1. Count, please, the residues in region 10-27 that happen to be loosely packed, with under 10 Cβ neighbours inside 10 Å and not β-branched (V, I, T).
2. Only one residue in K34, K17 is among the basic types (K, R), on the phi < 0 side of the Ramachandran plot, free of Cβ contacts under 8 Å to residues at least 12 places away in the same chain and part of a helix (DSSP H, G or I), so which one is that?
Amino acid sequence: AYAVIPWQMAWAARLLKWLPIPVYDAAFEKAPRKPRGLPT
């Protein structure tokens with residue numbers, strides 16, 4: 001199946017695909033997380 005995505009996102013996807021995992025982890029460790037609805 002084909003998906004139409006903007007060229008900027010296509011480049012970002014290609015870059016992320018080739019990043020070593022430690023680099024990916026370091027880049028995204030400070031990313032905000034979606035709050036989960038955990039019972040308290």
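1. Adding up the residues that qualify gives 6.
2. Exactly one residue qualifies, and that residue is K17.
Every read-out reported here was derived from the displayed coordinates using simple, explicitly stated rules and does not represent laboratory data. Since the model is a prediction, treat every value here as computed from it, not as a measurement. Methodologically, a virtual Cβ is constructed for each residue, glycine included, from the backbone with ideal geometry; neighbour enumeration extends over all protein chains shown.
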